[in-house]
Amino acid sequence: MLDEKSDGDSVKWLSEITGADERSVGVEGVNIAKLYQKKILVPPGFVLSKEVCMNFKKDNGIEPRIKAQIMHLDKNNEKNVISSAEKIKEIVESSVFKGSIIQEIDEAYGFLDTSSVYSNNKKLKVSVKSLIGGKNVEAEDKNSLIRGIVQIYSEAIGSVEWIKSCNEKNIEESLPVIAVYKSVNENACAFVY
């Protein structure tokens with residue numbers, strides 16, 4: 001089990017998440033951590049808290065642009081919803097992480113990378129998985145990890161389902177949580193959504 005401890009609330013290691021972290025990492029994050037802590041086919045990894053997504057949206061001015069896309073949208077008009085989803089994805093994908101979170105993710109990735117298992121002389125990849133919707137991307141280095149996280153945010157925030165579920169009151173609260181873990185065997189990962 002990885003015993004690395006995080007300094008802040010942004011990166012939470014599966015080894016340290018408890019039920020008290022549900023507000024930060026969601027039910028899914030807590031469930032994955034429980035499975036990991038019981039050594040049930042969950043590879044070493046960490047969860048990026050809802051705070052990371054909230055700060056990403058705030059730092060890039062995404063929230064008002066998303067609201068502009070969906071607040072007056074006829075959610076029964078599938079064509080318009082899909083069009084808004086594509087625009088939201090473009091907004092998110094054109095955004096970047098700012099501040100100390102980049103260093104926190106780099107350090108966490110570095111810890112996972114140095115604890116990697118080698119198979120057939122190839123380093124195993126790190127996967128990024130949305131705990132909402134199950135989207136998965138693989139990262140081979142720190143830069144592709146950051147791009148993968150942005151892609152996951154784009155897919156989650158720009159999904160038709162997310163848009164249809166949003167209203168003015170819950171738009172700030174509907175934040176995706178992301179798990180980053182070592183890819184050992186995709187079929188062996190027992191994630192519960």
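The values are calculated or read from the model by the stated rules, or taken from the named source; none is laboratory data. This one's a predicted model, so the numbers in the text were calculated from it and none came from an experiment. Because the Cβ atoms are built from the backbone with ideal geometry, glycine has one as well, and the counts that use them run over all protein chains shown. The area values use the complete protein model at the heavy-atom level, side chains included, leaving out ligands, DNA and RNA. Shrake-Rupley method; radii C 1.70, N 1.55, O 1.52, S 1.80 Å.
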*Is there any pair with a first residue in segment 64-89 that is over 12 Å from LYS164 (Cα atoms) and a second that is modelled with pLDDT under 90 and among the polar types (S, T, N, Q) whose Cβ atoms are under 7 Å apart and which are 6 or more apart or on different chains, and what are they?*
LYS87/GLN69; ILE88/GLN69; LYS89/SER154
_Restricting to segment 70-80, name every residue that is part of a loop (DSSP other than H, G, I, E, B) and surrounded by 15 or more Cβ atoms within 10 Å (Cβ to Cβ)._
LEU73, LYS75
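Each row is one residue, and each column tells you yes or no for (1) open to solvent by 50 Å² or more (accessible area, probe 1.4 Å); (2) acidic (Asp, Glu).
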position: LYS39; (1), (2): yes, no
position: PRO44; (1), (2): no, no
position: LYS50; (1), (2): yes, no
position: CYS53; (1), (2): no, no
position: ASP59; (1), (2): yes, yes
position: ILE82; (1), (2): yes, no
position: GLU86; (1), (2): yes, yes
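What about ILE91, is it more than 17 Å from ALA179 (Cβ to Cβ) and surrounded by 16 or more Cβ atoms within 10 Å (Cβ to Cβ)? Steps first, answer last, please.
Working: more than 17 Å from ALA179 (Cβ to Cβ): yes; surrounded by 16 or more Cβ atoms within 10 Å (Cβ to Cβ): yes.
Yes, satisfied.
Conditions tested, residue by residue: (1) out of contact with any Leu (no Cβ under 6 Å at 6 or more places or on another chain); (2) of a type outside the set (Ser, Thr, Tyr); (3) modelled with pLDDT of 60 or more; (4) part of a helix (DSSP H, G or I).
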site: ILE146; (1), (2), (3), (4): yes, yes, yes, yes
site: ILE149; (1), (2), (3), (4): yes, yes, yes, yes
site: TYR153; (1), (2), (3), (4): yes, no, yes, yes
site: ILE163; (1), (2), (3), (4): yes, yes, yes, yes
site: GLU168; (1), (2), (3), (4): yes, yes, yes, no
site: ILE171; (1), (2), (3), (4): yes, yes, yes, no
site: LEU175; (1), (2), (3), (4): yes, yes, yes, no
site: TYR181; (1), (2), (3), (4): yes, no, yes, no
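So in segment 13-51, with the set limited to residues that are assigned to a helix (DSSP H, G or I) and of a type in the set (D, E, K, R), which one is nearest to the chain's Cα centre (by Cα)? Spell out how you get there, then give the answer.
The initial filter retains those residues of segment 13-51 that are assigned to a helix (DSSP H, G or I), namely 19-37, 50-51.
Still in the list and also of a type in the set (D, E, K, R): 21-23, 28, 34, 50-51.
Details: ASP21: 16, GLU22: 15, ARG23: 15, GLU28: 11, LYS34: 18, LYS50: 8, GLU51: 11 Å.
Top of the filtered list is LYS50.
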